[in-house]
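Read through the structure below, which is laid out as structure tokens, and then see the notes.
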Amino acid sequence: MSYKIDIQPAGLHFSVEREQAILPAAIAAGIGLPYGCRDGACGSCKSKLVSGRVIHGAHQLKALSAEEEQAGMILTCCATPQSDCVIESRSVAAAGEFPIIKMPVRVSSLNRAAPDVMVVRLQLPANASFQYKAGQYVEFLLRDGKRRAYSMATAPHNKGEPPQIELHIRHMPGGVFTDALFSTVKEKDILRVEGPYGSFWLREDVRKPIVLLASGTGFAPIKALIEQMQLKQDDRPVTLYWGCRQARDLYLHDWAEQARSLVPQLRYVPVLSEPDEAWRGRTGFVHQAVMADLPDLSGHEVYACGAPVMVDAARRDFVAQCGLPDEAFYADSFTSEADKA
């Protein structure tokens with residue numbers, strides 16, 4: 001038994017099998033609904049249920065509150081339809097653009113860019129036609145069936161020859177994957193990944209000024225977006241705000257400083273929350289630095305990536321206090337396994 005799902009206003013539709021959640025069925029059908037963690041933790045896939053009935057699986061209240069659910073909002077990653085449904089989702093990609101594939105990758109380099117950040121370059125198989133959009137992510141397939149997701153820091157045109165992708169991975173002590181990455185994984189090791197995933201990419205049909213907002217290794221997909229702007233010769237005004245605790249955590253500070261050679265209209269603002277006495281730059285919470293500089297965001301687009309607490313606070317405050325239209329806030333929340341727990 002299957003149910004029909006209609007996506008409005010895009011006018012797309014697909015079928016969902018009984019006991020299947022809406023989002024994986026959409027992905028299988030090549031329909032790009034927005035999503036992030038796919039585990040009911042980040043809220044990126046939140047959509048409006050216009051008609052029909054669903055049952056929600058386990059999810060976090062910060063991703064979908066009881067009040068939001070009562071108002072008809074759903075998380076497509078864990079909502080199982082009980083009837084035909086009409087869903088309103090205003091951020092839908094073109095259908096079937098890039099297929100999701102599994103592939104082996106070879107570790108070509110491991111660079112400790114900060115005490116707890118590894119820049120990892122992975123060589124793709126020569127026969128793999130791996131296509132993606134700048135800002136998307138891949139998932140590592142671990143032996144015990146677990147998965148770990150990391151954004152690609154290279155825009156597709158910068159994969160090089162042989163083709164490689166770059167990831168920025170923070171060490172999470174006790175983490176199943178990162179403990180191994182920072183201790184036993186070595187160059188030439190073979191790992192398995194699947195992708196591309198995610199709906200975090202540059203919207204090129206709108207010509208508003210752009211705010212790029214990153215915390216920690218949330219800089220990775222932001223870097224890819226900047227490279228994409230360079231390729232497209234995108235001349236929209238753009239400001240990059242990168243928030244970290246200390247100066248050493250700005251692990252690609254020099255790259256960000258020099259990025260104006262790629263995008264001349266780019267402005268870069270690093271912000272530290274726990275600076276030492278030598279720091280002469282901005283301090284405090286990074287999203288509040290944006291609000292101080294741009295109290296009126298009504299004519300902007302924001303692309304935010306990083307810790308859930310930063311992304312959630314930015315969305316809330318930018319919309320409520322700075323007039324940012326909610327649909328002009330695009331986000332990829334880096335939800336760790338600890339966050340999900």
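The values are calculated or read from the model by the stated rules, or taken from the named source; none is laboratory data. For clarity, every value in this text was computed on a predicted model and none was experimentally measured. Ideal geometry is used to build each Cβ from the backbone, glycine not excepted, and the neighbour counts take in all protein chains shown.
Applying a threshold of 7 Å to beta carbon distances and a minimum spacing of six or more residues, or different chains, the list of pairs starting in region 26-44 at a residue that is assigned by TED's automatic domain parsing to the domain that holds GLU68 and among the aliphatic types (A, V, I, L, M) and ending at one that is part of a helix (DSSP H, G or I) and surrounded by 24 or more Cβ atoms within 10 Å (Cβ to Cβ) reads LEU33/ALA26. Look at THR178 and say whether it is assigned to a helix (DSSP H, G or I), over 17 Å from TYR241 (Cα atoms), in the same structural domain as VAL120 (by TED's automatic domain parsing) and hydroxyl-bearing (Ser, Thr, Tyr). Spelling it out, THR178 is indeed assigned to a helix (DSSP H, G or I), over 17 Å from TYR241 (Cα atoms), in the same structural domain as VAL120 (by TED's automatic domain parsing) and hydroxyl-bearing (Ser, Thr, Tyr). Scanning region 20-54 for residues that are over 26 Å from ARG148 (Cβ atoms) and in contact with a strand residue (DSSP E or B) (Cβ under 6 Å, 6 or more places away or on another chain) yields a count of 6. VAL309 - would you say it is within 25 Å of ASP205 (Cα to Cα) and either in contact with a strand residue (DSSP E or B) (Cβ under 7 Å, 6 or more places away or on another chain) or surrounded by 13 or more Cβ atoms within 10 Å (Cβ to Cβ) (or both)? Judged against the criteria, VAL309 is not a match. A single member of ALA128, ALA149 is buried (at least 16 other Cβ atoms within 10 Å of the Cβ) and not assigned by TED's automatic domain parsing to the domain that holds GLY218, and it is ALA149. Of the strands (runs of 3 or more DSSP E) lying entirely inside region 188-248, the ones with 2 or more residues being surrounded by fewer than 21 Cβ atoms within 10 Å (Cβ to Cβ) and in contact with a strand residue (DSSP E or B) (Cβ under 9 Å, 6 or more places away or on another chain) are found at 190-197. What tally of residues in region 272-305 results from selecting those that are closer than 20 Å to ALA331 by Cα and assigned to a strand (DSSP E or B)? Within region 272-305, residues that are closer than 20 Å to ALA331 by Cα and assigned to a strand (DSSP E or B) number 5. Annotation: of all residues in region 1-44 being of a type in the set (Ser, Thr, Tyr) and not in a strand (DSSP E or B), the one that is farthest from GLY195 (Cα to Cα) is SER44. So, in region 251-295, of the ones that are under 23 Å from VAL319 (Cβ atoms) and among the basic types (Lys, Arg), which residue ends up surrounded by the most Cβ atoms within 10 Å (Cβ to Cβ)? Among those residues, the one meeting the criterion is ARG282.
Against the condition surrounded by 16 or more Cβ atoms within 10 Å (Cβ to Cβ), among the acidic types (Asp, Glu) and under 23 Å from the mean Cα position of the chain (by Cα), how does ASP116 come out, does it pass? Yes. Among the conditions (1) under 20 Å from HIS300 (Cβ atoms); (2) without any contact (Cβ under 8 Å) to a residue 40 or more places away in the chain; (3) part of a helix (DSSP H, G or I), GLN258 misses just one, which is (1). Look through region 133-146, keep the residues that are assigned to a strand (DSSP E or B) and more than 15 Å from the chain's Cα centre (by Cα), and return whichever of them is surrounded by the most Cβ atoms within 10 Å (Cβ to Cβ). My answer is PHE140.
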